[in-house]
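The values are calculated or read from the model by the stated rules, or taken from the named source; none is laboratory data. Quick caveat: nothing in here was measured; it's all calculated off a predicted structure. Cβ atoms come from the backbone with ideal geometry, glycine included; neighbour counts cover every protein chain shown. Surface accessibility is based on the protein's heavy atoms, side chains included, excluding ligands, DNA and RNA. Shrake-Rupley method; radii C 1.70, N 1.55, O 1.52, S 1.80 Å.
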Amino acid sequence: MIIELENKDSSRKLYEEAFDDPKVFVDYYYKEKCSDNRIIASVEDGEVISMLHLNPFQINLCGTTVKSYYAVAVATTKERRHQGEMTRVFEKAFDLIREEKIPFVFLIPVDEAIYSWMGFDTICDFSMDWIADYDVIKETFDVYCVRDDAYIRRMNIENELREMDDGEVLPDEPVIMAKVTDLQAFNKA
């Protein structure tokens, strides 16, 4: 059954199985990020077997602020991979996103091929250097995350975790991929 999880902690077992993030980061993530995210999951016998997290962001899209989601923590148990579970989870997520009239969703893939067939396109390389200088970001890019108070607070915590070598583990050469989910909303921006 594909559902939006109410008990978000029920996804933690799969998160820890699928990702190499340090425990201190996972603790932070489940306390902080899961406070306002959405988790779409395939659940069988009370166990999360496939999931994706939709973390909300305010995005500047060519001068207009829009809501978007960062799809992250995309995982399926080893036993259930290649059986269509993730496709069904994404289909449910896309339905919810379209209902909200969200113009696009983005992610940082481990492998672009996993997502390109679903309509995700690579839009740029990801660099940690971009996090530091917001003025440069605003001058350089037409699309970027708006730095509201919650964003800045979380960014500061994540920077501290990285400095202690307890930050999120990213792919070796990360890129950002995006998928337009509501063309009308996208074109309005």
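Comparing ASP142, ASP133, ASP166 in a Gaussian network model of the chain where C-alpha atoms under 10 Å apart are linked, the largest mean-square fluctuation is found at ASP133. Restricting the GluC sites (Glu not before Pro) of the range 1-82 to loop positions (DSSP other than H, G, I, E, B) with no more than 15 neighbouring Cβ atoms within 10 Å leaves GLU6. According to the Cα-based calculation, Rg over Rh for the range 24-68 is 1.13, with Rh computed by the Kirkwood formula. Our summary of shape: the Cα atoms of the chain have principal axis extents of 50, 43, 29 Å, ordered from largest down, in whole angstrom.
Apolar share of the accessible surface for the range 107-174: 48 percent from carbon plus sulfur atoms, 1.4 Å probe. Bridging of LYS179 to lysines at a Cα separation below 18 Å is possible for LYS67, LYS92, LYS101, LYS188, once same-chain residues fewer than 8 apart are set aside.
Could you state, as a whole-number percent, how many of the C-alpha pairs of the range 38-96 are farther apart than 15 Å?
Details: 894 of 1711 pairs.
Summing the P(r) of the range 38-96 above 15 Å gives 52 percent of all pairs.
Here the Kirkwood formula puts the hydrodynamic radius of the range 1-81 at 13.5 Å, using every distinct Cα pair. Counting only residues at least eight positions apart within a chain, or on another chain, the lysines with an alpha carbon under 26 Å from that of LYS23 are LYS8, LYS13, LYS31, LYS33, LYS78. Each of the peptides 144-151, 82-89 was scored by the mean count of other Cβ atoms within 10 Å over its residues; in descending order, highest first, they stand as 82-89, 144-151.
Just checking the listed ones, ASP20, ASP121, ASP45: in the Gaussian network model of the chain with Cα springs under 10 Å, the one fluctuating most is ASP45.
Positive-end ranking of MET128, SER42, TYR144 along the dipole of the chain, with charges on Cβ about the Cα centre, is headed by SER42. Counting only Cα atoms, the size of the range 104-189 along its three principal axes is 40, 29, 21 Å, in decreasing order.
Accessible surface computed residue by residue for the chain, with neighbouring protein chains in place and a 1.4 Å probe, gives 56 Å² per residue. Could you tell me which helices of the chain pass both thresholds, a Cα extent of 20 Å or more along their own axis and a mean Kyte-Doolittle hydropathy of at least -1.0, with helices taken as whole DSSP H runs? Helices meeting the span and hydropathy rule in the chain are 85-99.
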